[in-house]
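Novice: To start, I am sharing the structure in question, which I have written as structure tokens.
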Amino acid sequence: MAVHDLTVSSSIAGHEVHSEHHHKETFWTKYIFSQDHKTIAKQFLLTGFISGFIGILLSGIFRLQLAFPDTSFTFLETILGKWAPEGRLDPNFYMALVTMHGTILVFWLLTGGLSGTFANLLIPLQLGARDMASPFINMLSFHFFFWGTVVLMASFFVESGPAAAGWTVYPPLSALPKAMPGSGLGMVLWIAALVLFVVGVLMGALNYITTVLNMRTQGMSLMRMPLAVWALFTVAVLGLLSFPPAVAAFILLLFDHSLGTSFYLSDIYIAGQALPQQGGNVLLYLHLFWFLGHPEVYIVLLPALGITSELISTHARKPIFGYRVMVYSILGIAFVSFIVWAHHMFVTGMNPLLGSIFTATTLLVAIPSAMKIFNYIFTLWKGNIHLNTPMLFAIGVVSFFISGGLTGFFLGVAPVDIPLHNTYFVVGHFHLVMGVSAVFAMFGGTYHWFPRLWGRMMNERLGYIHFWLTFIGANLVFFPMYYMGLGGVPRRYYAFTEFSFTSGWQDLNVFITIVALVTISVQLIFVYNFFHSMFWGKPAPRNPWKATTLEWSAPVKHLHGNWPGKLPVVHRWPYDYSKPGAPADYIPQYISDEDIARGVRWWEEDFEPLTVIDREEPSEGEKVTSPSTPVPVPAISPNQKLDMA
Amino acid sequence: MAFAMKPVSSPRLHPKELLMWLYLAATAMLFAGFTSAYLVQRFHDFWKGFEIPPIFWANTGVLLLSSYAYARAQRGLAFGNYRHLQLGLMTALSLGVIFLLGQVIGWQMLIRQGLFLAGNHKAVSYFYVFTGLHALHLGVGVVGLAYWTFRALRYRISIKDSLGLKLMGLFWHGLDVLWIYLIVFLQLNQLL
Ligand code: HEM
Ligand SMILES: [Cu+2]
């Protein structure tokens, strides 16, 4: 065994030397300034997970405060310094923690991390493309995201602390530098980080859209695309349309904050003194923000559901129920998400007629959402369900989408929302429907595509434990919040000791905090599993889940250009599982009916796809053997030219 | 470097071209955001107008000419006329720089009238935001033009580059269209 390993590793090492010779790859070009979409996917995954982990730790600190508002924890002073004098959390810093928690998890983990990882990994690989339309812009996309992360994290270390106006950064708190410590430099850094982040997201989105529209392999019609790609594509369009107006909102906010304009400010008195700003309008900010803010929640959710579709179908060995309906419901949700934003503003004193209109549009979301849920359940129905870790997490997504999504309809009805607004009911709603369900999809996707990313399997047993503890923990943390919200407990309060109607819930707060701390700790199992498997996991076969989609037809060891030589051709939709009369319980997309008739045995290891096409630059080997006359360069490069430089 | 003697056109949209169109769509959404903010506040009691210095209209002409010169440069490339390519690019670049200088002069005229970004005069604040962000984008375009001009002057552009020049052109003409929209929109709001 040892001898065998030695030969394998030496031959791999030999290959690396060889390829280094060819591409002149250094550590920097290979890992930092990589233009390979698979490496960029890993970069997004790691940056997303690391910032997500920091964001979750923040919530551990403020949960501690909520459960034990009168206790002093000396270790807090050790780590937080002046923000926890004598071990008691500073109220200003409590707000900063909540703000950074929300920002990091909504934008960094569940937008940048989730879409960035899976769009980069899946769009080229599942569509049979060699890479993104512009690998260079793709690289920049990650680098903007990364520097945004650095700026955001740096704001923890400035004198006045990070931004502290909630993840929605409403003015005037966010627009008046003197309003509270977190309104100072921290706020400027928050805006700077978000602008960098958005630029990164947009660069990604441009590439994702173009790659989907322009770079699909032969036979990959739109209606043969896996649902994950459909979702990621739609989300890129959503982002392209909704992030720029949010940037406009942030730019105006920055002007108000630092340059003395008054777009959002009017009639403000501080300590009896009127501020000079007049004529501004806070509602303007709310409209601009939520025009992004609501689509944003679907920018988070749709990729999660796309991933769930892949996992459920593959691991239930059944075609997804109602493929077309699924596609149309993705598009439908995306469309409706643009006309519901004012349901976040029911308490702003809007015209009741307008409130009813937005109630109506909001309730429309029920139709496509419910269709998706039913389709998941019908897909599972009588399936040959393999309850492995990815499948468990996928079912978890569906469960949280139901338990969190149903309360959305309470909140969507203006008269019901008015008493519930800004209570823990809302906190419960969005954590279950968006937070936990998208995190579960990200976990499920990671367990599922880990072999594709790192060529090794993650540990199943640890995955099981991780799933069950997290599933139970997340339900125990967030479900009780509905009751607290119905009891009128407001969100973003530093301590609930002052009023009897809130202090009555103190026991529940203690319970939630303890479960939350345990659930946070449980994530270390995942961290261990992730890094351990990366180096020492069981080596993965090419198609470990016996899935049909194209990413599993590429070699385990990553190649620049994904497929050696030629590209697979697509002959069928992506969900041919358990097809009656077929020789195996799955038929990959690149298998034609003639292949089947000829008796091709694709379920055996190391099968090479038969039908391939050559429609891009010749691979390295072919170039070497071709005659050394210079190839005439076409005036305008053909449609699918790859810029491998 | 071989030069084709007749214009070449792409039968289908090249991916990079689509990318540029999508980028322009994102920019359009950014300014749509600003526009809607403007319109929301436009009808408040506080709103009052101001005279837009005519130099901004003169600048509009400069930018239009620059776009035209750029189109000439592209034709030069397509017909293999290096002289036209160089001249066109140099003209487009210089006019771009003149536009930026003109904008700076325009802002100074506003400042001399006591119309500042800061303060409660929303129409003026918006004017600075709109024109400033446009100028920022245009600055990027000038850098791009300078790059292509530099290459053209050193005879380092071939027909292979027509895609690159086309993308640059989309960006440059896009900024032109954006500017015309902005100046017309802002002027109409002063008149109405
Ligand atoms: C299924 C239909 C849904 C409806 C009808 C709905 C409705 C609402 C309403 C009315 C609010 C505002 C509550 C308030 O602040 O008073 C809200 C908040 C929120 N919803 Fe939903 N929602 C739905 C699904 C979702 C989904 C799928 C997500 C995420 C993937 C989501 C994420 C959020 C977030 C993040 C907030 C809180 C924003 C904040 O104030 O910080 N919702 N939802
Ligand atoms: Cu919403």
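The values are calculated or read from the model by the stated rules, or taken from the named source; none is laboratory data. Fair warning: this is a prediction, and the values are worked out from it, not measured in the lab. Cβ coordinates were reconstructed from backbone atoms using ideal geometry, including for glycine residues, and neighbour counts include every protein chain displayed.
Novice: Can you pull out every residue in region A:392-415 that is over 26 Å from A:T470 (Cβ atoms) and more than 10 Å from ligand 1 (Cβ to nearest atom)?
Specialist: A:P415
Novice: Take region B:83-117 and flag every residue that is buried (at least 17 other Cβ atoms within 10 Å of the Cβ) and part of a loop (DSSP other than H, G, I, E, B).
Specialist: Those that are buried (at least 17 other Cβ atoms within 10 Å of the Cβ) and part of a loop (DSSP other than H, G, I, E, B): B:L115, B:L117.
Novice: B:F34 fails exactly one of the following numbered conditions: (1) under 26 Å from A:G260 (Cβ atoms); (2) away from chain A (no Cβ under 14 Å); (3) surrounded by 21 or more Cβ atoms within 10 Å (Cβ to Cβ). What is the number of that condition?
Specialist: B:F34 satisfies all of (1) under 26 Å from A:G260 (Cβ atoms); (2) away from chain A (no Cβ under 14 Å); (3) surrounded by 21 or more Cβ atoms within 10 Å (Cβ to Cβ) except (2).
Novice: Quick check, is A:V300 within 16 Å of ligand 2 (Cβ to nearest atom) and on the phi < 0 side of the Ramachandran plot?
Specialist: When the stated conditions are applied, A:V300 passes them.
Novice: Would you confirm whether any residue within region A:50-66 is part of a loop (DSSP other than H, G, I, E, B) and outside the structural domain of A:G565 (by TED's automatic domain parsing)?
Specialist: So far as region A:50-66 goes, no, none of its residues is part of a loop (DSSP other than H, G, I, E, B) and outside the structural domain of A:G565 (by TED's automatic domain parsing).
Novice: Give me the pairs: first residue in region A:397-425 and touching a residue at least 60 places away in the same chain (Cβ under 8 Å), second residue acidic (D, E) and near ligand 1 (Cβ under 9 Å from one of its atoms), beta-carbon distance under 9 Å, and six or more apart or on different chains, which are they?
Specialist: Qualifying pairs under 9 Å: A:L411/A:D417.
Novice: A:G504 fails exactly one of the following numbered conditions: (1) of a type outside the set (S, T, Y); (2) modelled with pLDDT under 95; (3) buried (at least 19 other Cβ atoms within 10 Å of the Cβ); (4) within 30 Å of A:D90 (Cα to Cα). What is the number of that condition?
Specialist: In the conditions (1) of a type outside the set (S, T, Y); (2) modelled with pLDDT under 95; (3) buried (at least 19 other Cβ atoms within 10 Å of the Cβ); (4) within 30 Å of A:D90 (Cα to Cα), A:G504 misses (3) alone.
Novice: Just the residues that are hydrophobic (A, V, I, L, M, F, W, C), closer than 22 Å to A:V297 by Cβ and at pLDDT 95 or above, please, taken from region A:144-194.
Specialist: Within region A:144-194, A:F145, A:L152, A:A163, A:W167, A:V169, A:W190, A:I191, A:A193, A:L194 qualify.
Novice: Quick one: which residue in B:A92, B:A28, B:A58 is modelled with pLDDT of 95 or more, within 14 Å of chain A (Cβ to nearest Cβ) and within 19 Å of the chain's Cα centre (by Cα)?
Specialist: Step by step, each of B:A92, B:A28, B:A58 is checked, and only B:A28 is modelled with pLDDT of 95 or more, within 14 Å of chain A (Cβ to nearest Cβ) and within 19 Å of the chain's Cα centre (by Cα).
Novice: Also, quick follow-up: Name the residue that is nearest to the chain's Cα centre (by Cα), counting only residues in region A:427-457 that are aliphatic (A, V, I, L, M) and within 16 Å of ligand 2 (Cβ to nearest atom).
Specialist: If we take residues in region A:427-457 being aliphatic (A, V, I, L, M) and within 16 Å of ligand 2 (Cβ to nearest atom), then A:A438 is nearest to the chain's Cα centre (by Cα).
Novice: Among B:V177, B:V140, which is within 13 Å of chain A (Cβ to nearest Cβ), part of a helix (DSSP H, G or I) and under 27 Å from B:A26 (Cβ atoms)?
Specialist: Step by step, each of B:V177, B:V140 is checked, and only B:V140 is within 13 Å of chain A (Cβ to nearest Cβ), part of a helix (DSSP H, G or I) and under 27 Å from B:A26 (Cβ atoms).
Novice: Still on this structure: Looking at this structure, is B:P15 modelled with pLDDT under 95 and more than 7 Å from chain A (Cβ to nearest Cβ)?
Specialist: Spelling it out, it is not the case that B:P15 is modelled with pLDDT under 95 and more than 7 Å from chain A (Cβ to nearest Cβ).
Novice: Take the residues in region A:157-168 that are surrounded by fewer than 24 Cβ atoms within 10 Å (Cβ to Cβ) and under 24 Å from A:V427 (Cα atoms); name whichever of them is farthest from ligand 2 (Cβ to nearest atom).
Specialist: By that ranking, first place goes to A:G166.
Novice: Hey, any hits in region A:128-150 for a residue that's in a helix (DSSP H, G or I) and touching a Pro at 6+ places or on another chain (Cβ under 6 Å)?
Specialist: No, region A:128-150 contains no residue that is in a helix (DSSP H, G or I) and touching a Pro at 6+ places or on another chain (Cβ under 6 Å).
Novice: Now, a different point. Do the conditions hold for A:I367, that is, is it among the β-branched types (V, I, T), more than 9 Å from ligand 1 (Cβ to nearest atom), surrounded by fewer than 22 Cβ atoms within 10 Å (Cβ to Cβ) and under 29 Å from A:V169 (Cβ atoms)?
Specialist: no
Novice: Then there is this: From A:F335, A:F289, which residue is over 18 Å from the mean Cα position of the chain (by Cα), of a type in the set (A, V, I, L, M, F, W, C), within 23 Å of A:G408 (Cβ to Cβ) and within 14 Å of ligand 2 (Cβ to nearest atom)?
Specialist: Going through A:F335, A:F289 in turn, the sole match is A:F289.
Novice: Kindly list the number of the only condition in (1) more than 7 Å from chain B (Cβ to nearest Cβ); (2) in contact (Cβ under 8 Å) with a residue 60 or more places away in the chain; (3) surrounded by fewer than 24 Cβ atoms within 10 Å (Cβ to Cβ) that fails for A:A274.
Specialist: (2)
Novice: Can you find even one residue in region A:82-92 that is hydrophobic (A, V, I, L, M, F, W, C) and surrounded by 24 or more Cβ atoms within 10 Å (Cβ to Cβ)?
Specialist: Checked against the condition, which is being hydrophobic (A, V, I, L, M, F, W, C) and surrounded by 24 or more Cβ atoms within 10 Å (Cβ to Cβ), region A:82-92 yields at least one hit.
Novice: On to the next question. Which numbered condition in (1) exposed (fewer than 14 other Cβ atoms within 10 Å of the Cβ); (2) of a type outside the set (S, T, N, Q); (3) not in a loop (DSSP other than H, G, I, E, B) is the only one that A:E498 fails?
Specialist: (3)
Novice: Scan region A:389-400 and tell me whether some residue there is outside any helix (DSSP H, G or I) and buried (at least 16 other Cβ atoms within 10 Å of the Cβ).
Specialist: no
Novice: Shifting gears a bit: Residues in region A:286-303: is at least one in contact (Cβ under 8 Å) with a residue 60 or more places away in the chain, more than 14 Å from ligand 1 (Cβ to nearest atom) and either more than 14 Å from chain B (Cβ to nearest Cβ) or hydroxyl-bearing (S, T, Y) (or both)?
Specialist: Within region A:286-303, none of the residues are in contact (Cβ under 8 Å) with a residue 60 or more places away in the chain, more than 14 Å from ligand 1 (Cβ to nearest atom) and either more than 14 Å from chain B (Cβ to nearest Cβ) or hydroxyl-bearing (S, T, Y) (or both).
Novice: Another one. Considering each of A:G102, A:G112 in turn, give the residue that is at pLDDT 95 or above, assigned by TED's automatic domain parsing to the domain that holds A:L292, surrounded by fewer than 21 Cβ atoms within 10 Å (Cβ to Cβ) and of a type outside the set (D, E).
Specialist: A:G102
Novice: Then there is this: Quick check on region A:382-405. Is at least one of its residues within 14 Å of ligand 2 (Cβ to nearest atom) and closer than 30 Å to A:F450 by Cβ?
Specialist: Yes - at least one qualifying residue is present in region A:382-405.
Novice: Would you call A:T389 of a type in the set (V, I, T), near ligand 1 (Cβ under 8 Å from one of its atoms) and touching a helix residue (DSSP H, G or I) at 6+ places or on another chain (Cβ under 7 Å)?
Specialist: For A:T389, the condition - of a type in the set (V, I, T), near ligand 1 (Cβ under 8 Å from one of its atoms) and touching a helix residue (DSSP H, G or I) at 6+ places or on another chain (Cβ under 7 Å) - is not met.
Novice: Let me ask something else. What number of residues in region B:95-127 are more than 22 Å from B:L188 (Cβ to Cβ), of a type in the set (S, T, N, Q) and in contact (Cβ under 8 Å) with a residue 24 or more places away in the chain?
Specialist: 1
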